[in-house]
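Contents: one structure, followed by commentary.
Read the figures in this text as sums done on the coordinates, not as results from a lab. Model, not experiment: these values are computed from the prediction. Using ideal geometry, Cβ is built from the backbone for each residue, glycine included, and neighbour counts are taken over all protein chains shown.
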Amino acid sequence: MLRALLAASALVLTVAAAPVQAADAQLQKAVDNPARGAEHRARDQWRHPAETLAFWGLKPGQTVIELSPGSGYWTEILAPYAKATGGTYVTTGADLDNPKVSEGAKKGRADFEAKYADAAKWGPVKVVNFGPQSGPLGAPGSADMVITARNIHNFMYQQGMLDKVMKDAFAVLKPGGVLAVEEHRADPRPETPGVTDGYVAVKSVVAAAEKAGFKLAAQSEVNANPKDTKDHPFGVWTLPPVRRSAPGGQPANPGFDRTKYEAIGESDRMTLRFVKPS
């Protein structure tokens with residue numbers, strides 16, 4: 001059955017970078033916002049924010065939930081865009097209802113909330129609990145889009161977490177709502193056991209999403225990087241923006257030659273649009 005599903009998914013339209021519709025000037029304004037962090041704006045050449053969001057189908061006035069926002073790359077675009085268009089931006093943080101959540105995770109959430117607390121600058125940023133035991137992302141059928149960017153490999157490291165994420169996303173989305181995925185792509189080589197290098201096979205993402213009830217609507221090459229050989233000594237984290245120069249948990253190696261990895265740039269990534277059937 002799974003083989004048949006994946007075969008059918010292979011027939012889904014693959015599209016090039018989706019152009020930003022001229023009518024959505026607010027999206028380009030959000031991308032061009034000088035208030036965005038310099039380190040985030042420097043990554044636009046690799047992350048193609050306007051084209052990626054257009055491909056996912058972002059529209060004015062939508063309720064968008066972003067999972068695990070990291071340093072806030074998408075927050076700095078999506079929150080002002082939601083404010084300008086009458087939409088709602090929601091993101092996730094440490095599950096404060098879980099007594100086992102670490103102090104480090106709590107601090108990370110507090111720091112993020114403080115960073116984006118200025119609603120006049122960024123627009124309202126609502127943070128909801130998220131983790132292996134967290135409750136719903138929101139009311140059933142309340143969101144237009146759920147975004148997970150460069151997170152799938154992390155979800156795969158915790159038993160059952162990827163299934164939970166997919167189920168939670170499916171539940172919170174309206175019929176016809178979009179699950180938007182960006183992830184480091186293992187293809188065409190096989191996925192490594194345990195995804196230890198951070199690269200995920202497209203079929204793994206498709207299988208997890210379809211298991212939850214989603215249908216793959218389209219794939220884009222907007223975030224493809226043919227220079228990425230995917231054989232780096234410290235996995236995908238050897239590349240920018242992490243730039244790891246030693247095994248995880250060890251001090252950085254100042255003698256590590258980064259020349260070829262800087263020339264590669266950020267990873268080759270799949271960009272997928274799934275839809276919750278109406």
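What the table shows:
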read-out: Proximal aspartates and glutamates relative to Lys106, as straight alpha-carbon distance under 12 Å, when same-chain residues fewer than 8 apart are discounted; value: Asp95, Asp97
read-out: Gaussian network model of the chain, Cα within-10 Å springs - most flexible of Ala217, Ala119, Ala169; value: Ala119
read-out: Longest segment of the chain lacking trypsin sites (Lys or Arg not before Pro) that sit in a DSSP loop with at most 14 other Cβ atoms within 10 Å; value: 101-226
read-out: Listed candidates (1) 22.3; (2) 19.4; (3) 18.5 - label of the one calculated as Kirkwood radius over Cα pairs in Å; value: (2)
read-out: Nitroxide proxy distance, nm - points 7 Å out along Cα→Cβ at Ala105 and Ala35; value: 3.0 nm
read-out: Of Glu51, Glu39, Glu266, the one that fluctuates the most in a GNM where the chain has Cα springs shorter than 10 Å; value: Glu39
read-out: Extension gain, Met161 back to Ala25 (0.36 nm per residue minus Cα-Cα distance, nm); value: 45.2 nm
read-out: Relative contact order, percent, region 2-227 [alpha-carbon distance under 8 Å, six or more residues apart]; value: 24 percent
read-out: Per DSSP, loop chymotrypsin sites (Phe, Trp or Tyr not before Pro) in region 189-278 with at most 15 further Cβ within 10 Å; value: Phe256
read-out: Which listed pairs, of Lys83/Lys121; Lys59/Lys203; Lys167/Lys203; Lys83/Lys167; Lys164/Lys215; Lys59/Lys115, have C-alpha distances above 20 Å, in listed order; value: Lys59/Lys203; Lys83/Lys167; Lys59/Lys115
read-out: Helical mean residue ellipticity (222 nm; -39500 (n - 2.57) per DSSP H run of 4+; nearest 500) of the chain; value: -9000 deg cm²/dmol
